[in-house]
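Q: Starting off with a structure, shown below.
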Amino acid sequence: KTITINKATPTVTAWPTLDAVTYGTNLGAALVLKGGSASVEGTFVITDSYNAADVPNAGTHTYNLEFRPTESNKYNVVSGGTATLVVNKADQELTWSFADCTLLPGQTLALDATSTCGAVSYELTGSAISVSSNTLTAEAAGTATIKAVDAGNSNYNAVESPEYTITVSESGYTR
């Protein structure tokens, strides 16, 4: 008589998870499985192909998993698990060499704010100044405020500078 003994299929009691990362982390560092348990010894693996050097965009990304038993001659591979990678937006840097100042009407200043995303704009309050492109112009006597902002994008959070006060005066100025 011939007796055929088939491989047993282990039970996966918990699929592993992935820790959340911040945008800028490459997949090699991001796709580190945490936890997971099965009825026999083995390893959980991500079955989707990926380049470890790639940097995923902010958002959620789901990867297919399988459990590979150590004793592959006795146990079947178990497929069907998934792990979700959450990639959070990164904070961005905003650099700006500006300070409170007093200007004469008609005087101009070059604005030099830069940010990680490179989409800096300027928010003004008051009518004493105006901004066109990267040039601030003192329009008329009075007080105004200005701050640099970058609204961010799909991978970076918004950022803004402190608010600075500009006094436009008919007599004298400081910078």
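The values are calculated or read from the model by the stated rules, or taken from the named source; none is laboratory data. Note that this is a predicted model, so its numbers are computed, not measured. Note: ideal-geometry Cβ built from the backbone for every residue, glycine included; neighbour counts use all protein chains shown. Side chains are part of the model used for accessible areas, which takes the heavy atoms of the whole protein and leaves out ligands, DNA and RNA. Shrake-Rupley method; radii C 1.70, N 1.55, O 1.52, S 1.80 Å.
Q: Within segment 102-145, which residues are assigned to a loop (DSSP other than H, G, I, E, B), closer than 27 Å to VAL21 by Cβ and open to solvent by 50 Å² or more (accessible area, probe 1.4 Å)?
A: Listed by number, the residues that qualify are THR116, GLY118, ALA119.
Q: In addition: Could you please find all residues in segment 12-24 being β-branched (Val, Ile, Thr) and open to solvent by less than 50 Å² (accessible area, probe 1.4 Å)? Steps first, please.
A: Here is the first cut: in segment 12-24, the residues β-branched (Val, Ile, Thr) are 12-13, 17, 21-22.
Selection gives VAL12, VAL21.
Okay, residues lined up against (1) open to solvent by less than 50 Å² (accessible area, probe 1.4 Å); (2) touching a helix residue (DSSP H, G or I) at 6+ places or on another chain (Cβ under 9 Å):
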{"position": "ILE5", "(1), (2)": "no, no"}
{"position": "PRO10", "(1), (2)": "yes, no"}
{"position": "ASN26", "(1), (2)": "no, no"}
{"position": "LEU31", "(1), (2)": "yes, no"}
{"position": "VAL45", "(1), (2)": "yes, no"}
{"position": "ASN51", "(1), (2)": "no, yes"}
{"position": "SER79", "(1), (2)": "no, no"}
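Q: Using beta carbons and a limit of 7 Å, which pairs, at least six apart or on different chains, have the first residue in segment 1-19 and closer than 19 Å to TYR75 by Cβ and the second one open to solvent by 80 Å² or more (accessible area, probe 1.4 Å) and not β-branched (Val, Ile, Thr)?
A: Matching pairs, first to second residue: LYS7/LYS74; ALA8/LYS74; PRO16/LYS34.
Q: Looking at (1) touching an Asp or Glu at 6+ places or on another chain (Cβ under 6 Å); (2) within 30 Å of PRO56 (Cα to Cα); (3) open to solvent by less than 40 Å² (accessible area, probe 1.4 Å); (4) of a type outside the set (A, V, I, L, M, F, W, C), which one does ASN157 not meet, given that it meets all the others?
A: Looking at each condition in turn, ASN157 falls short on (3).
Q: Which of the residues spanning segment 58-77 are surrounded by fewer than 12 Cβ atoms within 10 Å (Cβ to Cβ) and touching a strand residue (DSSP E or B) at 6+ places or on another chain (Cβ under 9 Å)?
A: Filtering segment 58-77 for residues surrounded by fewer than 12 Cβ atoms within 10 Å (Cβ to Cβ) gives 60, 62, 70, 72-73.
Within segment 58-77, THR60, THR62, THR70, SER72 meet the criteria.
Q: Looking at segment 146-175, which of its residues are closer than 17 Å to SER97 by Cβ, at pLDDT 95 or above and either under 30 Å from the mean Cα position of the chain (by Cα) or in a loop (DSSP other than H, G, I, E, B) (or both)? First the steps, then the outcome.
A: To start, the set of residues in segment 146-175 that are closer than 17 Å to SER97 by Cβ comprises 146-150, 159-166, 174-175.
Of the ones still in play, those that are also at pLDDT 95 or above are 146-150, 159-166.
Those that are closer than 17 Å to SER97 by Cβ, at pLDDT 95 or above and either under 30 Å from the mean Cα position of the chain (by Cα) or in a loop (DSSP other than H, G, I, E, B) (or both): ILE146, LYS147, ALA148, VAL149, ASP150, VAL159, GLU160, SER161, PRO162, GLU163, TYR164.
Q: Output the number of residues of segment 33-43 satisfying the condition of being of a type in the set (Ser, Thr, Tyr), open to solvent by 60 Å² or more (accessible area, probe 1.4 Å) and in a strand (DSSP E or B).
A: Result for segment 33-43: 1.
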